[in-house]
Amino acid sequence: MIARTVRSEWVKLRSLRSTWYTLACLFGTGVGITSLATGQVAGQYGDLSEAERLAWDPTARGLIVYIVAQLVFGVLGTLVVTSEFATGLVQSSLAVTPHRTRLLAAKVVVAAVVAVVAGQVLMFVSFLVGQALIAGQGVPSARLGDPGVLSAVMGGGLYLAAIALLAIGLGTLMRATAGALTTLVGIVFLVPGMAGLFPAWFQGLLDFWPSQGGAAIFATVPDPAHPHPWLNLGGMCLGIAAVLVAAFVVFERRDV
Amino acid sequence: MTRIEVRGLTKRYGHDTAVDDLSFTVEAGQVTGFLGPNGAGKSTTMKMVLGLAAPTSGSVTIGGRRYRDLPVPLTEVGALLDAGAVHPGRRACDHLLALAAGAGLPRRRVGEVLARTGLEPVARRRAGEFSLGMRQRLGIAGALLGDPRVLMFDEPVNGLDPEGIRWIRGLMRSLAAEGRAVLVSSHLMNEMAQTADHLVVIGRGRLIADTSVTEFLNGRGEGAVLVRAEDPAAFALRLTAAGAVVREGTGSAVVVSGLTAEEIGRLAACHGAVLSELTPQRPSLEDAFMELTGDSVEFQGVSA
């Protein structure tokens, strides 16, 4: 039964131009920002001291696009649910699939598959483009076989997919595109920006926060603050899972 | 025979009671008009039939089962609640294909309902380009996808042009003639007179009437009779003497109530009065409806 619902959600997602525009925009910004961030590193690298050169992380530099890309993944995830609330289409969807958990699960599955694939492709493309540009300037670059590189590239793709799922959760809870996206921007950009002002107990959470500890996965040079990046990413995913659980509970109970 | 059974249905939002202990049955093979002023609770009731809103108490079943428990709901109940409930960026055929896929229906059903609703030529256009009438048709196409035994339409003629209204009337009649149970809501009484066999009238969430259209009309007082006499003043006196109430009509005509057309004819013959017109006025459904729901209208304008 869930297979039908998943197929239905896939038809919905692929039949919207906005889906393809969003993905095109993702790869446009991906290649664009990666080129900007890696195209002129020779001068910067030349200015670095010997100690700083040890910390030079070409992989992280090549994947820096995640900062912008996470917002695009957020848009993708949000639209999967909020467009239905905005148009009232959710009533027709629930008339077809009255089991609400099944309907939302199908949306999460479809969005997750698309986001995981898009995340991996984006990270690999950005890595290859970035490293080619860095190497072209005679600056030390990374190869996929280097220690920690594959983990950063693939982990980075998963990080982005997780942000898409966070957006689905927020979209379901708020039922409005603007509210969900604003909250997402608050979580991924504003909270990290104001982190220094928050109390000590909150600092612990930041180890697992998007754009903070959660993003340690993009580094290949060991960071003493985050010795096990996968642990930080795992913690972030747990937090997102909690948001999704809340979304499922609310969606099950609320009138539409 | 599949039918909708509403039993003791109640929905409260905080202190507001939208639907109040409502019970009625929508039978197969006829069009049931679901009437009430705006805000009477019609849409809320229909949402509860589909499980979109949870009843505070009471139940709705379709063929004895809750909507949620139907194995493939689309093949048993088709509903059009809101014609605007389509994504404007999606092509009509993709919209229907998504619904069909969710119910496990074959792709050819999409073509079939597009044909039945006359949307074939615009199947590949995006719903955002559709007129209101085309969107209503798309919503109806969605309701017909699973070839269901029960159909439910919320204000389907709202905002349609005369041609569209006629098409919808014809469709309702033919769906009922195929043995399906059809529930159509409207706040326009005369619209229902043209389409419905049975009426369920509600006001402020409460049941006001549950009756056939014919009974509904017959039960609402005597009809008046329009009379045009050669000497209206003199004949009016005779009528009043016979116990009728006479009001002035347009021109030289008078509107008589309290006597049937036959009695008035006899009276005229008896007194040798010459009549040029004697027309029984059908009690208007609208009047009957207003009389019934008068005190249940939520917001009433003050008449000048």
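The values are calculated or read from the model by the stated rules, or taken from the named source; none is laboratory data. The model shown is predicted, which means the values in this text are computed figures rather than measured ones. Counting neighbours? That spans all protein chains shown, and the Cβs are built from the backbone with ideal geometry, glycine included.
It is to be established whether one or more residues within the range B:27-45 are closer than 30 Å to B:Ala123 by Cα and not in a strand (DSSP E or B).
Narrowing the range B:27-45 to residues closer than 30 Å to B:Ala123 by Cα: B:31, B:43.
The next check asks that each one be not in a strand (DSSP E or B); those that pass are B:43.
Yes, some residue in the range B:27-45 is closer than 30 Å to B:Ala123 by Cα and not in a strand (DSSP E or B).
Residues in the range B:61-91 that are crowded, with 23+ Cβ neighbours inside 10 Å and assigned to a strand (DSSP E or B): B:Ile62, B:Val77, B:Gly78, B:Ala79, B:Leu80.
Test each condition in (1) more than 14 Å from every other protein chain (Cβ to nearest Cβ); (2) part of a helix (DSSP H, G or I); (3) of a type outside the set (A, V, I, L, M, F, W, C) for A:Glu84 and report the one that comes out false. Result: A:Glu84 fails condition (1) only. Scanning the range B:141-170 for residues that are part of a helix (DSSP H, G or I), among the hydrophobic types (A, V, I, L, M, F, W, C) and at pLDDT 95 or above yields a total of 3. Going through (1) in contact (Cβ under 8 Å) with a residue 60 or more places away in the chain; (2) closer than 24 Å to A:Thr78 by Cα one by one, A:Ala219 falls short only on (2). Determine whether the range B:35-46 contains at least one residue that is closer than 19 Å to B:Ala176 by Cα, modelled with pLDDT of 95 or more, within 17 Å of the chain's Cα centre (by Cα) and within 11 Å of chain A (Cβ to nearest Cβ). Within the range B:35-46, one or more residues are closer than 19 Å to B:Ala176 by Cα, modelled with pLDDT of 95 or more, within 17 Å of the chain's Cα centre (by Cα) and within 11 Å of chain A (Cβ to nearest Cβ). For B:Leu105, the criteria (1) of a type outside the set (S, T, N, Q); (2) in a loop (DSSP other than H, G, I, E, B); (3) in contact (Cβ under 8 Å) with a residue 40 or more places away in the chain; (4) surrounded by fewer than 19 Cβ atoms within 10 Å (Cβ to Cβ) hold in every case but one, which is (4). For the range B:69-102, residues that are at the interface with chain A (Cβ under 7 Å from one of its Cβ atoms) and either without any contact (Cβ under 8 Å) to a residue 24 or more places away in the chain or more than 16 Å from A:Gly88 (Cα to Cα) (or both) total 8.
Can you say whether A:Ser35 is surrounded by 18 or more Cβ atoms within 10 Å (Cβ to Cβ) and hydroxyl-bearing (Ser, Thr, Tyr), as far as the supplied structure shows?
On the way: surrounded by 18 or more Cβ atoms within 10 Å (Cβ to Cβ): no; hydroxyl-bearing (Ser, Thr, Tyr): yes.
The answer is no for A:Ser35.
Quick check: anything in the range B:90-108 at pLDDT below 95 and among the hydrophobic types (A, V, I, L, M, F, W, C)? The answer is no; no qualifying residue exists.
Go through A:Leu54, A:Leu23, A:Leu36 for me and flag whichever is away from chain B (no Cβ under 14 Å), of a type in the set (A, V, I, L, M, F, W, C) and within 30 Å of B:Ala101 (Cα to Cα). Lay out the reasoning, then the answer.
Working: A:Leu54 fails: within 30 Å of B:Ala101 (Cα to Cα); A:Leu36 fails: within 30 Å of B:Ala101 (Cα to Cα).
Step by step, each of A:Leu54, A:Leu23, A:Leu36 is checked, and only A:Leu23 is away from chain B (no Cβ under 14 Å), of a type in the set (A, V, I, L, M, F, W, C) and within 30 Å of B:Ala101 (Cα to Cα).
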